[in-house]
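The values are calculated or read from the model by the stated rules, or taken from the named source; none is laboratory data. Worth saying up front: this structure is predicted, and the values here are computed from it rather than measured. Neighbour counts run over all protein chains shown; Cβ positions are idealised from the backbone, glycine included. SASA here: full protein model, heavy atoms, side chains in, ligands and nucleic acids out. Shrake-Rupley method; radii C 1.70, N 1.55, O 1.52, S 1.80 Å.
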Amino acid sequence: MKKIFFIVGARPQFIKAAPLLAEMKNFPVKIKLIHTGQHYDHNLSDIFFDELEMPTPDYNLNCGSGSSVEQYLSVMSRLDKVLKEDRPDLIVVFGDTNSTGASALCARLNKIPVAHVEAGLREFDKDIPEEINKLVTDAIADLYFCPSRTAVENLKKSNVEGKIVQSGDPVIDLLVTGRKHFDRPELPAEYGLTPGRYIFATCHRQSNTNHRAALENVLRIFADAHLPVLFPVHPRTMKAIKSFGMDHYLQDKNIRAIEPIGFWDTQALIAQSDRVLTDSGGIIKEAYFHGKYVLVFDNQTEWIEVINEGKGIVCGANYEAAMRHLKNIPDTATPNTALGDGTASKLIAEGILDFLEEILDHSN
Ligand code: UD1
């Protein structure tokens, strides 16, 4: 029986892997789950395994935090040992974190084929670590599962050699099938908020958290917004807020700063919000699904469909631009389907099986 490793490490990867693991549960392949340990706090890791009913990882590499280079070195050296002792026929990586790029590189150097879920996205800025992870993974993968037509076109322009499948996004599968988990109009009240009368906000990108002026602009926007802002704070952001001495913003009466929350609570709170402010690719996509207008604290986004369709706007960490757009935002849009219809996991699973059969044919 062929053997596949799913490699995950950070929050956005758990939620992409979960529906695919469920889809492939009874398939005639041996699947093992590897957690690199990039995220390790309960609210960034275990909570997703619990609520999305993911199996306990077969291996935890316990790589932990560090600079991008340190994370690459740690994931590559620890994964290398596993791949040499327990060699799979294929590894599947997700998204664009350091765990993604390092795992893909390590597998390919061991001559193990790589499938990339959420392939082909680009931000066209090589100063962003996620962009390096996208470029590295897509340069060496053998099988590409793209969430959108734009992603397919980006790969075609790069003349990649592997097979490209426009699968849609597996997170959308969770949203399409999981409505009962996030249809919770009572949840905002637990945070002292009224449904439809608050903004859901996140901020964790290095381009915002590593720069005092950018982070302060984001916090000022939250403080001065016309509606209260519910702000689950990523540990990176909390550290930066404290080190820049900006804790007072967390006490501001317009900002409800809370611990990071799980996937379903996030969906319930986005779905009940008036609009979304974020620099997270995942949240942009989820806001789009729920039909919420999204203001992006970044200079670009890989989810260009959202901007092109007029369902969101990119405004950097620019206070004046954000305040102007916040006042002139179009009425809440209707739910959107351009990033998938709930069949991504099925298409990805079929693509993986076809690929494994081709390997079998070649080895006979
Ligand atoms: C990573 C991904 C990013 C993704 C995000 C989701 C990269 C380059 N970035 O960013 O694409 O959107 O995950 O959250 O891989 N920390 C904790 N507890 C944890 C994990 C991290 O306190 O469980 C703190 C540490 O101080 C760490 C910092 O957060 O240094 C950043 O964590 P890291 O995994 O490097 O990057 P993220 O900002 O989470």
Report summary line: Along principal axes, largest first, the alpha-carbon spread of segment 266-364 in whole Å comes out as 64, 26, 23
Report summary line: When the charge dipole of the chain is computed with +1 on Lys and Arg Cβ and -1 on Asp and Glu Cβ about the Cα centre, the Cα farthest towards its positive end, among I307, L230, A349, belongs to L230
**Report entry** Amide hydrogen neighbours beyond the local backbone of K32, cut-off 5 Å, H modeled
**Finding:** I4, F5, F6
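Report the local net charge at V114: Lys and Arg +1, Asp and Glu -1, summed over other residues whose C-beta lies under 11 Å from its C-beta. Walk me through the numbers on the way to the answer.
Working: positive: R108, K111; negative: D138, D142.
Summing Lys and Arg as +1 and Asp and Glu as -1 gives 0.
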Query raised in the report: If we sort 270-282, 67-79 on the protection proxy, mean other Cβ atoms within 10 Å, highest first, what's the order?
Result: 270-282, 67-79
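Once you've got the Cα coordinates, tell me which of K32/K81; K16/K134; K2/K25; K2/K111; K2/K32; K134/K163 are over 23 Å apart. Don't jump to the answer; show the numbers that get you there.
Values: K32/K81 15 Å; K16/K134 16 Å; K2/K25 14 Å; K2/K111 16 Å; K2/K32 11 Å; K134/K163 17 Å.
Too far apart for the 23 Å limit: no listed pair.
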Report summary line: Projected onto their principal axes, the Cα atoms of segment 151-299 stretch, largest extent first, over whole-Å spans of 52, 38, 23
Report summary line: For the chain, dividing by residue count, accessible area per residue (probe 1.4 Å) in Å² works out to 42
Report task. Amide H neighbours of Q166 under 5 Å, at least 5 residues apart or on other chains, H built in the peptide plane: list them. Result -> C146
Requested in this report: Starting from 0 in steps of 5 Å, tell me what percent of the Cα-Cα pairs of segment 79-154 lands in each bin.
Outcome: 3, 18, 29, 23, 15, 7, 4, 1
Query raised in the report: Amide H of V314: which non-local residues (sequence gap of 5 or more, or other chain) have their own amide H closer than 5 Å, using H built in the peptide plane?
Result: V296
Requested in this report: Mind computing the radius of gyration and Dmax over the alpha-carbon atoms of the chain? Å is fine for both.
Outcome: 20.0, 68
Requested in this report: Convert each backbone phi in segment 254-271 into a coupling constant with the Karplus relation 6.51 cos²θ - 1.76 cosθ + 1.60 (shift: θ = phi - 60°), then list the ³J(HN,Hα) values in order as whole Hz, x for Gly and Pro.
Outcome: 8, 10, 9, 7, 10, 5, x, 10, x, 5, 5, 4, 4, 5, 4, 6, 5, 4
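Return the carbon/sulfur percentage of the accessible area of the chain, one whole number, probe 1.4 Å, all protein chains in place. Write down the numbers at each step before the final one.
Working: 7580 of 15410 Å².
Here it works out to 49 percent.
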Query raised in the report: When the Karplus curve 6.51 cos²θ - 1.76 cosθ + 1.60 is applied with θ = phi - 60°, which whole-Hz ³J(HN,Hα) does each residue of segment 150-159 get, with x for Gly and Pro?
Result: 4, 5, 4, 5, 4, 5, 4, 5, 7, 6
Requested in this report: Could you please tell me the mean projected area of the C-alpha convex hull for segment 124-191, averaged over all directions and given in square nanometres to one decimal?
Outcome: 7.1
Query raised in the report: Short version: ³J(HN,Hα) in whole Hz for each residue of segment 115-125, in order, from phi by Karplus 6.51 cos²θ - 1.76 cosθ + 1.60 (θ = phi - 60°), x for Gly and Pro, what are they?
Result: 9, 10, 8, 6, 7, x, 6, 9, 10, 6, 8
Report summary line: CD proxy, 222 nm, the chain: helix-only mean residue ellipticity via -39,500 (n - 2.57) per DSSP H run with n ≥ 4, per residue, nearest 500, stands at -13000 deg cm²/dmol
Query raised in the report: How do 100-110, 22-32 rank on mean C-beta neighbours within 10 Å, highest first?
Result: 100-110, 22-32
